[in-house]
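The values are calculated or read from the model by the stated rules, or taken from the named source; none is laboratory data. All values reported here derive from a predicted model rather than from experimental measurement. Heads up, the Cβs are rebuilt from the backbone with ideal geometry, glycines too, and the neighbour counts pull from every protein chain shown.
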Amino acid sequence: MYHRLVIPSREHLLQLARLIGPDVFVARFGPPQTAEPELVHLRALVEERLDHIVRMLVEEAAASDDITDMVSASAYLDDRLRMLEDLLAPEQAASIRAAFREQTAAW
């Protein structure tokens, strides 16, 4: 089975590492500033940490002065997922989107 090696944008990898949990990311791949994880392994870690990633995104949205309702929260999430789309499997992005919307429905 062929595993594609992905060397993502450092900024995107740093952002994803922060959402995953920096300590967890470093334990698996080393510092995000120099890590070159294979996409299959990166997505496996994302899968393990989906709940944490959603929690971090909800916390970021809640802390932002620019997010005042569900519409602005949804726009925020769309921007974040667009930035990370080369690192996430489509079904992971869909799971994150569904959980985020569920957790911010009352906004």
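For region 69-89, give me each residue that is farther than 17 Å from Leu13 by Cα and free of Cβ contacts under 8 Å to residues at least 12 places away in the same chain.
If the condition is that a residue be farther than 17 Å from Leu13 by Cα and free of Cβ contacts under 8 Å to residues at least 12 places away in the same chain, then Val71, Ser72, Ala75, Asp78 are the ones that fit.
Can you tell me which residue in region 75-107 is modelled with the highest pLDDT, limited to those that are more than 20 Å from Glu48 (Cβ to Cβ) and either part of a loop (DSSP other than H, G, I, E, B) or touching a Lys or Arg at 6+ places or on another chain (Cβ under 7 Å) (or both)?
Per the criteria, the residue is Leu77.
Restricting attention to region 44-71, which residues are within 13 Å of Trp107 (Cα to Cα) and surrounded by 15 or more Cβ atoms within 10 Å (Cβ to Cβ)?
Val58, Ala61, Ile67
Out of (1) closer than 27 Å to Gly30 by Cβ; (2) outside any helix (DSSP H, G or I), the odd one out for Ile67 is which?
Condition (1) is where Ile67 drops out.
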